[in-house]
Amino acid sequence: MFSEQLCRQLLDLQEYEGRDFDAQDSDGRTYEIKATGTAKGQTTINLNKKFDYLIWLHISFTDDNVFTYKIPKDYFPKPKSKSREAISLSKICRKNSTQPLSFDFYIDKKT
């Protein structure tokens, strides 16, 4: 997936060997990666997975930025079921005062 490759490149993460996680760092911490084009960050996730962090890429096309939020697993609510659950990443970040890293990009809109 493009968003996973982009995140690994931006944050110097490696691809996880296997299908359990989207990435890992040099210390062996595991990551789930989610990307949205809106500031609300509505997504679904299996909260039963044992990842260490979730990286949220908020791609803002209005101001040509990619905001990355590194959210520890313990910031998420306890799972309510064994399946995927709908969550708002922006609410989790606000509640825990999680600040993003910002990466600028440029799109030539004339071509």
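The values are calculated or read from the model by the stated rules, or taken from the named source; none is laboratory data. Source: prediction; values computed, not measured. Every residue, glycine as well, gets a Cβ built from its backbone with ideal geometry; the counts of neighbours run over all protein chains shown.
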**Message:** Regarding region 95-110, can at least one residue be identified that is surrounded by 12 or more Cβ atoms within 10 Å (Cβ to Cβ) and farther than 22 Å from residue 4 by Cα?
**Reply:** yes
**Prompt:** Does region 35-51 include one or more residues that are under 24 Å from residue 103 (Cα atoms), at pLDDT below 95, of a type in the set (Lys, Arg) and in contact with a Leu (Cβ under 9 Å, 6 or more places away or on another chain)?
**Reply:** yes
**Fill in**
Per the filter on region 11-61, residues hydroxyl-bearing (Ser, Thr, Tyr) and surrounded by 13 or more Cβ atoms within 10 Å (Cβ to Cβ) are 16, 30, 31, 36, 43, 53, 60
**Request:** Residue by residue through region 69-80, note down the ones that are surrounded by 10 or more Cβ atoms within 10 Å (Cβ to Cβ) and either at pLDDT 95 or above or closer than 11 Å to residue 53 by Cβ (or both).
**Result:** 69, 70, 71, 72, 73, 75, 76
**Request:** Taking only region 13-68 into account, find how many residues are without any contact (Cβ under 8 Å) to a residue 60 or more places away in the chain, polar (S, T, N, Q) and part of a strand (DSSP E or B).
**Result:** 9
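Just name the residue that is modelled with the lowest pLDDT out of those in region 81-111 that are of a type in the set (Gly, Ala, Ser) and either within 20 Å of residue 10 (Cα to Cα) or part of a strand (DSSP E or B) (or both).
The extreme case among them is 102.
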**Prompt:** Across region 12-34, what is the total count of residues that are touching a Leu at 6+ places or on another chain (Cβ under 8 Å) and of a type outside the set (Val, Ile, Thr)?
**Reply:** 6
